[in-house]
Amino acid sequence: MTKNRILVCTFLALSSGFFGACTSGQITIMLHSQKCQNQPWGLKEMCNAWMTPGAIWQGSTTGLWTGTILGAFVGGLVTRQARD
């Protein structure tokens, strides 16, 4: 039972971490691209190209850490043994 619990917690933590990284990366890109909306077309494209790598890095690392920690916590709650 202990091996199954470790596997379930690990899988849940990693999968929620990757999902959090993807989701948070996309949200951060959208938020950062709003800073470029008031620029003319050429400058807007350059601004988006400049902002995107930093936004992906910032959002993905934040989402990865948050998702992994929350996934591990939920996995521990789901697989805990009932006390009588």
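The values are calculated or read from the model by the stated rules, or taken from the named source; none is laboratory data. From a predicted model like this one, the values you see are computed outputs, not experimental measurements. Note that we place each Cβ from the backbone using ideal geometry, even for glycine, and neighbour counts take in every protein chain shown. To get the accessible areas, we keep the full protein, side chains included, count just its heavy atoms, and leave off ligands, DNA and RNA. Shrake-Rupley method; radii C 1.70, N 1.55, O 1.52, S 1.80 Å.
Points worth noting:
- For region 1-64, the spread of Cα coordinates along the three principal axes comes to 61, 13, 12 Å, biggest extent given first.
- Stokes-Einstein D (µm²/s) once Rh is taken as the Kirkwood radius of region 27-84 over alpha-carbon pairs, at 25 °C in 0.890 mPa s: 177
- Here the accessible area of the chain is 70 percent carbon and sulfur, with a 1.4 angstrom probe and all protein chains present.
- Note that region 1-64 presents 75 Å² accessible area per residue, ligands and nucleic acids not counted, probe 1.4 Å.
- When cysteine pairs in the chain are screened for C-beta atoms closer than 4.7 angstrom, the residues that find no partner are CYS9, CYS22.
- Since only PRO40, GLY76, LEU12 are under comparison, the one whose Cα sits farthest along the positive direction of the charge dipole of the chain, derived from C-beta charges on Lys, Arg, Asp and Glu, is GLY76.
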